[in-house]
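Below is one structure; the comments refer to it alone.
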Amino acid sequence: MAIELRVPTILRTYTGGEKAVSGDGTTLAEFIDNVNGNHPGLKERIVEGEPEELRRFVNVYVNDEDVRFTGGLKTEVNDGDVVVVLPAVAGG
Amino acid sequence: MLVIEKATVDAIVAHARKDHPDEACGVVAGPAGSDRAVRLIPMLNAAMSPTFYEFDSGDLLRLYQEMDSRDEEPVVIYHSHTATEAYPSRTDITLAQEPGAHYVLVSTRDGADSPAYDGPVEFRSYRIIDGEVTEEDVRVVGSYEETQGEH
């Protein structure tokens, strides 16, 4: 088993066009680092700053829960979980 | 060029006028790869602001899950400007993250929100890719059936 990442259209340049890739980790931060190992560049489109935080206009969900409400990058992840990344639809 | 049905244009304009002075926003989904905007989905502006719009994060997830299950994509992403022209703002350009979508802008400035107003309402379409804006022609058709056989 592994954890699945659903990749939005705009980030598929990092995954060779794949809509979904998989990885491992016990927290969302670890999982993103792990996936980034195979798909370099993906992480910096999701995370920014020091200490690292999720980008304001990128939404991340673990099993349909927005991680902003479940601990952000510290959110626990487990085998079989589905992580969805969706860019915000927003503007001025 | 954006080819879009008149009923959809009218519904987008009506949504923008109804939500004025806040910005209205939504999507018109269509079969993946078809470039046909057939299913209008007005969205709530979670920012409830005259100068900003953002889909609620839960609504956004449900929208994309639904489009995925129907093999659709966001053909049009629309929003209104309530005090300025129907041209992408700097924020619109920075935050545009759907390179395949037609970004439609409607303006309800200058009284276009009033029920008595019956003049034209600005309705313009753009591609926004990597921070670059390209305006495109909008062709309004009665029905997509009129365009069958065209390339």
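We did not get these values from a lab; they are worked out from the coordinates using the rules stated. Model, not experiment: these values are computed from the prediction. Here the Cβ positions follow ideal geometry from the backbone for every residue, glycine too, while neighbour counts run over all protein chains shown.
So the values come out like this:
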{"item": "Inter-chain Cβ neighbour average for residues B:94-106, partner chain, 10 Å", "result": "3"}
{"item": "Cut-off 19 Å, label 7 Å out along Cα→Cβ of B:Asp110, residues of segment B:77-101 by amide N", "result": "B:80-89"}
{"item": "Partners for A:Lys43 among lysines (Cα-Cα distance below 17 Å; same-chain residues under 8 apart left out)", "result": "A:Lys19, A:Lys74"}
{"item": "Dipole in debye (nearest 20) - segment B:2-110, about Cα centre, beta carbon charges: Lys, Arg +1; Asp, Glu -1", "result": "240 debye"}
{"item": "Full-extension gain in nm, A:Thr13 to A:Thr27, via 0.36 nm per residue minus C-alpha separation", "result": "2.6 nm"}
{"item": "B:Asp68 paired with B:Glu85, simple spin-label distance in nm, labels 7 Å along Cα-to-beta-carbon", "result": "4.0 nm"}
{"item": "Proxy reagent accessibility, fewest Cβ within 10 Å first, across A:Asp24, B:Asp113, B:Asp71, B:Asp92", "result": "B:Asp71, A:Asp24, B:Asp113, B:Asp92"}
{"item": "Equivalent ellipsoid semi-axes, the protein assembly as shown, via Cα gyration tensor eigenvalues times 5, rooted, Å", "result": "35, 20, 15"}
{"item": "Per-residue mean of C-beta atoms belonging to partner chains within 10 Å, peptide A:77-90", "result": "4"}
{"item": "Chain B - Rg over Rh from alpha carbon coordinates, Kirkwood radius", "result": "0.94"}
{"item": "Of B:Arg109, B:Arg36, B:Arg70, the one that fluctuates the most in a GNM where chain B has Cα springs shorter than 10 Å", "result": "B:Arg70"}
{"item": "Test item: B:39-52 mean partner chain Cβ contacts at 10 Å", "result": "1"}
{"item": "Charged-residue dipole, Cβ positions (Lys, Arg, Asp, Glu), chain A about Cα centre, Debye nearest 20", "result": "440 debye"}
{"item": "Segment A:3-87: C-alpha pair distances exceeding 19 Å, %", "result": "26 percent"}
{"item": "Inter-label distance for B:Lys6 and B:Ala32, nm, one decimal - labels placed 7 Å from Cα along Cα-to-Cβ", "result": "3.4 nm"}
{"item": "Per-residue [θ]222 nm for chain A (sum of -39500 (n - 2.57) over DSSP H runs n ≥ 4, rounded to 500)", "result": "-3500 deg cm²/dmol"}
